[in-house]
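Since the structure comes first, as structure tokens, the remarks are kept for the end.
The values are calculated or read from the model by the stated rules, or taken from the named source; none is laboratory data. Fair warning: this is a prediction, and the values are worked out from it, not measured in the lab. Don't worry about glycine lacking a Cβ; one is built from the backbone with ideal geometry, like all the others, and counts go over all protein chains shown.
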């Protein structure tokens with residue numbers, strides 16, 4: 001699956017002491033393992 005990561009996931013995933021780290025880090029791990037294709041966004045996507 002192709003997954004687009006924006007700063008709302010990247011920052012918490014990279015900062016171990018962030019309160020959302022435990023939710024965000026596993027999302028990046030799926031791309032690192034090759035389960036998903038991860039893409040980065042410089043700008044947040046607002047809904």
Next on the checklist: When the residues of segment 27-47 are narrowed to those that are modelled with pLDDT under 85 and under 20 Å from residue 15 (Cβ atoms), which ends up surrounded by the most Cβ atoms within 10 Å (Cβ to Cβ)?
Outcome noted: 41
Next on the checklist: Among the residues of segment 3-38, what is the count of those that are in a helix (DSSP H, G or I) and in contact (Cβ under 8 Å) with a residue 24 or more places away in the chain?
Outcome noted: 6
